[in-house]
Amino acid sequence: MHSAVKENFKMSGFLVFFLIHSTQTGIGMLSFQRQIIESAGQDSWIAVIIAGLCLHIVLWMMVKILNNPSKDIIDIHRFCFGRLFGNAVSLLLIGYFFIIALTVLLAYINILRVWIFPSLKTWELSLALLIILYYLITGGFRVLTGFCFFSVLLSTGLMFSLYFPLQYGQLSYFFPLFNHSFSDLLKSSQSSSVVFLGFESLLLYFPFLKSPQTNIKWAHFALLFSTIKYLALLIVTLLYFSQGHLSRTLWPTLEMMKIIEVPFLERFEYLFIFIWLMIIIPTVCIPLWCCTRITKRLFALKPQLFLVVVLAFLFIAAQPFNDQTKIYALSRFTSQIGFYFVIAYIPLLFVLYFAIKKMKGKRLAQ
């Protein structure tokens, strides 16, 4: 198979835990609460659980079509649609991962401009961040995996800071319980499923895992851990903010961090934002690596060469998004694309793959 990876480039299967979890705990953790309460209010925590359970099913589908032997989404497309049309469909994934990287990059730049550097331009911040991204991605997938490991440790450690806003929580904000319809919960689940995006990059780095058949349980553990994190963050937010206040707050997580006071630092949220850069980097690097991986598989282009092209396009594409309204519109658009790709396209591909496989098996048996 063309997707076969040399043994010395493969990684232990348990590292998929860090790869998946790091790509799910990015910029969305700072603002997802305001979006998720629009439909289900204080019952939105139920929607997070529903979304997490549904994505476990999608993850199971992904593993089923990638296993035996290990292959990637490009092989799946060629199997289902033929080589020519399958490559064309795979080519669209470059745009998908590019938009995800652009959205995360712009969202973080917007936070830096609003909270810390209001006088700096978008191009100055984006150029500085793109240099960091180039350095990390050219290090190879194993380097990115190591960075994902430290990203997970940082994001998990910062979760303990929720203890401070929890002290000021009002239990009355959490009631009344279960007063939203099932359709409201489903709408809220759609909003919450967006923050879990990132695990679909497994479709491309699956061949890099050693013994994926026995270690894929770590992928489910990662998704479960992400669900627990988002659930804990949402519950603390619902206890801290009233519904009216939360609906008008752009970055609820950062607002809660403002109350933390330490003797040696006046504004803890500034430190929080800079540390969060280490956490969101995998959510940009992994999609960009996926873009280079696709071009290498389709056209045999050198990843380093195409990475320069992608980063140049990313720099150019970031410049028109210089205000909150445009960035929010892009985020909504990316959320819709990601939702339909994960919830609709992957299950459709799952059904199509096994239907064609069964048909081909019958033909060989005749």
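Couple of notes before you dig in:
- Conditions (1) basic (K, R); (2) at pLDDT 90 or above; (3) open to solvent by 70 Å² or more (accessible area, probe 1.4 Å): number failed by R113: (3)
- Any hit, region 142-164, residues being among the β-branched types (V, I, T) and surrounded by fewer than 17 Cβ atoms within 10 Å (Cβ to Cβ): yes
- G361, sole failed condition from (1) in a helix (DSSP H, G or I); (2) over 23 Å from the mean Cα position of the chain (by Cα); (3) at pLDDT 90 or above: (3)
- Residue ID - nearest to E200 (Cα to Cα), chosen from residues in region 291-331 that are of a type in the set (K, R) and surrounded by 16 or more Cβ atoms within 10 Å (Cβ to Cβ): R293
- Check on I316, in a helix (DSSP H, G or I) and in contact with a helix residue (DSSP H, G or I) (Cβ under 7 Å, 6 or more places away or on another chain): no
The values are calculated or read from the model by the stated rules, or taken from the named source; none is laboratory data. Since we're looking at a predicted model, the values are computed, not measured. When we count neighbours, we look across all protein chains shown, and the Cβ atoms used for this are built from the backbone with ideal geometry, even at glycine. Side chains included, ligands, DNA and RNA excluded: accessible areas come from the protein's heavy atoms. Shrake-Rupley method; radii C 1.70, N 1.55, O 1.52, S 1.80 Å.
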